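Single-structure report; data block below.
The values are calculated or read from the model by the stated rules, or taken from the named source; none is laboratory data. Note that the structure is predicted; figures quoted are calculated from it, not measured. Please note: Cβ atoms are built from the backbone with ideal geometry, for glycine as well, and neighbour counts cover all protein chains shown. With ligands, DNA and RNA removed, areas are computed over all heavy atoms of the protein, side chains included. Shrake-Rupley method; radii C 1.70, N 1.55, O 1.52, S 1.80 Å.
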Amino acid sequence: MKYVIMFTTTPELDAEVPSEHAEQVYRRTYDWFGTHREVMTESGAQLKPVSTATTVRHGGDGPVVADGPFSEAKEAIGGFQVIDVPDLDAAIAVVKTWPLLELPGVAVEIRPIIVY
C-alpha cells in the first residue's frame, strides 16, 4: 500500500536546538533515506521555507491569492516522501525511525494514497 509521509516542523522551536546537535541529527537523515530506499517509490522532496509559500483559496468573488500558507496550524510541512509498504503498521515502523523526531516540534504525518 502506498502512503505519503509528510515531515512537519514547528519553526519557532528550531532556536531551542543547539546548532551542533541539529547538524548531527540532519546528517543522520541521509543514512535514513539510504536504509529505507527499498520502500520509497515516487520521488519525494524537501520544501523551501513556509515563508516562500503562496496559497490560493476560495473567496467571495472567486479565488483569492495570498502570500504564505493559509493555515491556522503552527506546524509547517518541510518535505514529503511516498513509500510503498504492506500496511499502516509497516509505515509507522519506518516513520518511527525518522532521526528528526528527537527534535522539538517535529512530527511525521502518514496518509494513505487513493489509487484509482
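For every residue, the table says whether it meets (1) in a loop (DSSP other than H, G, I, E, B); (2) modelled with pLDDT under 90; (3) open to solvent by 60 Å² or more (accessible area, probe 1.4 Å).
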site: 7; (1), (2), (3): no, no, no
site: 13; (1), (2), (3): no, yes, no
site: 20; (1), (2), (3): no, no, yes
site: 27; (1), (2), (3): no, no, yes
site: 32; (1), (2), (3): no, no, no
site: 38; (1), (2), (3): no, no, yes
site: 48; (1), (2), (3): yes, yes, yes
site: 51; (1), (2), (3): no, yes, yes
site: 69; (1), (2), (3): yes, yes, yes
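Residue check: is residue 29 among the polar types (S, T, N, Q) and farther than 15 Å from residue 77 by Cβ?
Yes: the conditions hold for residue 29.
For segment 88-108, how many residues meet the condition of being free of Cβ contacts under 8 Å to residues at least 40 places away in the same chain and either part of a loop (DSSP other than H, G, I, E, B) or open to solvent by 70 Å² or more (accessible area, probe 1.4 Å) (or both)?
Residues flagged as free of Cβ contacts under 8 Å to residues at least 40 places away in the same chain and either part of a loop (DSSP other than H, G, I, E, B) or open to solvent by 70 Å² or more (accessible area, probe 1.4 Å) (or both) within segment 88-108 amount to 2.
Quickly run through segment 1-18 and pick out the residues that are among the charged types (D, E, K, R) and more than 19 Å from residue 48 (Cβ to Cβ).
Pass one, segment 1-18, residues among the charged types (D, E, K, R): 2, 12, 14, 16.
2, 16 - these are the residues of segment 1-18 that are among the charged types (D, E, K, R) and more than 19 Å from residue 48 (Cβ to Cβ).
Answer yes or no as to whether residue 49 is farther than 15 Å from residue 99 by Cβ and out of contact with any Gly (no Cβ under 9 Å at 6 or more places or on another chain).
Here the answer is no, as residue 49 does not meet what is asked.
Taking the criterion of being under 23 Å from residue 114 (Cβ atoms) and in contact (Cβ under 8 Å) with a residue 60 or more places away in the chain, would at least one residue in segment 8-21 satisfy it?
yes
Quick one: in segment 71-86, which of the residues that are at pLDDT 80 or above and of a type in the set (A, V, I, L, M, F, W, C) is most open to solvent (accessible area, probe 1.4 Å)? Spell out the reasoning first.
Of all residues in segment 71-86, those at pLDDT 80 or above come to 76-86.
Those still in the list that are of a type in the set (A, V, I, L, M, F, W, C) too: 76-77, 80, 82-83, 85.
Numbers: 76: 15, 77: 86, 80: 69, 82: 12, 83: 0, 85: 9 Å².
Only one residue fits best here, namely 77.
Kindly provide the set of residues from segment 1-34 that are of a type in the set (Ser, Thr, Tyr) and within 18 Å of the chain's Cα centre (by Cα), ordered by number.
3, 8, 9, 10, 26, 29, 30
Only one of these conditions is not met by residue 111: (1) more than 14 Å from the chain's Cα centre (by Cα); (2) closer than 15 Å to residue 4 by Cβ; (3) open to solvent by 60 Å² or more (accessible area, probe 1.4 Å); (4) at pLDDT 80 or above. Which number is it?
In the conditions (1) more than 14 Å from the chain's Cα centre (by Cα); (2) closer than 15 Å to residue 4 by Cβ; (3) open to solvent by 60 Å² or more (accessible area, probe 1.4 Å); (4) at pLDDT 80 or above, residue 111 misses (1) alone.
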